[in-house]
């Protein structure tokens, strides 16, 4: 396993190298409003079938950090859902543990989150495991300066809205 000094260099090689047209299928990104866990979302289903078919090396999931590092949560599907950007915390998407479960089912492992604390990076199983270690959701929260501030009050604020949340 690579030591911590090598991690930034390896992350650059795996995640941040310049994008080239031939790399079109090496990177896949989702957004929180169309989370994997929403039932009957045709767009989501097409994207996940594409994920299975093209098998990119790196997948980026945008998660909701207010959900915290421990519970596997997603907002319940509502066909007429509209994100209200005037109310914080934003009540949308899914937790990092929910995306870890999804990633594992799809053959990916969590390797870290970006410094702002809402994009999670997953690498396809069998790639770079000696160089870029697998991380738990809890470990990502502990290693990220912004996410270290997470408290139960953040999750309580999420649950204080009218949206229904479910364990997945």
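For the range 67-168, what Kirkwood radius comes out of the mean inverse Cα-Cα distance, in Å? Mind dumping the intermediate values first?
Numbers: mean 1/r = 0.0685 Å⁻¹.
Computed over the range 67-168, the radius equals 14.6 Å.
Consider all pairwise Cα distances in the range 64-119 and report the whole-number % of them above 13 Å.
So the portion of pairs separated by more than 13 Å is 65 percent.
P(r) of the range 88-134 in 10 Å steps, Cα pairs, percent per bin?
25, 50, 19, 5
Please compute the Cα-Cα pair-distance distribution of the range 112-168 with 10 Å bins starting at 0, giving whole percents from short to long.
Binned Cα distances yield the sequence 19, 38, 31, 10, 1.
Coordinate-derived values only; no laboratory data. For clarity, every value in this text was computed on a predicted model and none was experimentally measured.
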